[in-house]
1. Tell me whether the range 65-75 contains one or more residues that are surrounded by 13 or more Cβ atoms within 10 Å (Cβ to Cβ), at pLDDT 90 or above and more than 30 Å from Leu21 (Cα to Cα).
2. Taking the range 77-96 as the region of interest, how many residues are open to solvent by 70 Å² or more (accessible area, probe 1.4 Å) and under 14 Å from Ala141 (Cα atoms)?
3. Hey, can you tell me all the residues within the range 110-119 that are open to solvent by less than 60 Å² (accessible area, probe 1.4 Å) and in a helix (DSSP H, G or I)?
4. Of all the residues that make up the range 125-148, how many are under 21 Å from Glu39 (Cβ atoms) and not small (Gly, Ala, Ser)?
5. State the number of residues belonging to the range 39-58 that are at pLDDT below 70 and open to solvent by 90 Å² or more (accessible area, probe 1.4 Å).
6. Looking at Trp79 and the list (1) at pLDDT 95 or above; (2) within 18 Å of Ala43 (Cβ to Cβ), which single condition is not satisfied?
7. Would you check which residues across the range 125-148 are part of a helix (DSSP H, G or I) and open to solvent by 50 Å² or more (accessible area, probe 1.4 Å) and list them?
8. Within the range 89-148, how many residues turn out to be modelled with pLDDT under 90, more than 24 Å from Ala60 (Cα to Cα) and either under 14 Å from the mean Cα position of the chain (by Cα) or charged (D, E, K, R) (or both)?
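The values are calculated or read from the model by the stated rules, or taken from the named source; none is laboratory data. Small disclaimer: the values here were computed from a predicted structure and weren't measured. Because the Cβ atoms are built from the backbone with ideal geometry, glycine has one as well, and the counts that use them run over all protein chains shown. Side chains are part of the model used for accessible areas, which takes the heavy atoms of the whole protein and leaves out ligands, DNA and RNA. Shrake-Rupley method; radii C 1.70, N 1.55, O 1.52, S 1.80 Å.
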Amino acid sequence: MTRYDHPGTRSRRDEGRGAPLFALAVAWAAGIVVLLVTEYVQATLVYGELAPREGLDTFAGRLTLVHLPNALCVAAAAWAAGRFHRDPFRDRAARHLVAVLTVPVAAQALNLALQWERMTVEDLSLSNAVLVVGCVTGYAADRLQEED
């Protein structure tokens, strides 16, 4: 699709010193919104309605009702941030990784800071595994869509 620029205007939106930072901010905002919405749905639907208290006592129950839905939330946030990180800034791998991974990693750091006293080794290791699986899945989904 060709774009017509009127005479006397800047030829592209991506010109200017602040354009790369603005592209990152838009990607991060999309990731934050998706993460908040998906975590809210998870907290109200899964924890409030589907998860019996007894089901969370076993490892399999926590894996199914807590960690796998968390991985989906992280993957959705990473994917959304990647999709909203626009061209030509997404062509640089390092910058695109910063756009995709910042929101999930920041959310994980906040979660760890708020719950550090209550964390067990299992919680810490599974929480970090969920972060890695979600980030890799979201980034891979974004890149697969890029090639289409």
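1. Just the residues of the range 65-75 that are surrounded by 13 or more Cβ atoms within 10 Å (Cβ to Cβ), to begin with: 65-75.
Okay, now just the ones that are also at pLDDT 90 or above, so 68-75.
In the following step, the residues that additionally are more than 30 Å from Leu21 (Cα to Cα) were identified as 68-69.
Checking the range 65-75: at least one residue is surrounded by 13 or more Cβ atoms within 10 Å (Cβ to Cβ), at pLDDT 90 or above and more than 30 Å from Leu21 (Cα to Cα).
2. 3
3. If we filter the range 110-119 for residues that are open to solvent by less than 60 Å² (accessible area, probe 1.4 Å), which is where we start, we get 111-112, 119.
Of everything in the range 110-119, those that are open to solvent by less than 60 Å² (accessible area, probe 1.4 Å) and in a helix (DSSP H, G or I) turn out to be Asn111, Leu112.
4. Here the count works out to 11.
5. 4
6. If we test Trp79 against (1) at pLDDT 95 or above; (2) within 18 Å of Ala43 (Cβ to Cβ), just (2) comes out false.
7. Ser125, Asn128, Val132, Val133, Val136, Thr137, Tyr139, Arg143, Leu144, Gln145, Glu146, Glu147
8. Within the range 89-148, residues that are modelled with pLDDT under 90, more than 24 Å from Ala60 (Cα to Cα) and either under 14 Å from the mean Cα position of the chain (by Cα) or charged (D, E, K, R) (or both) number 6.
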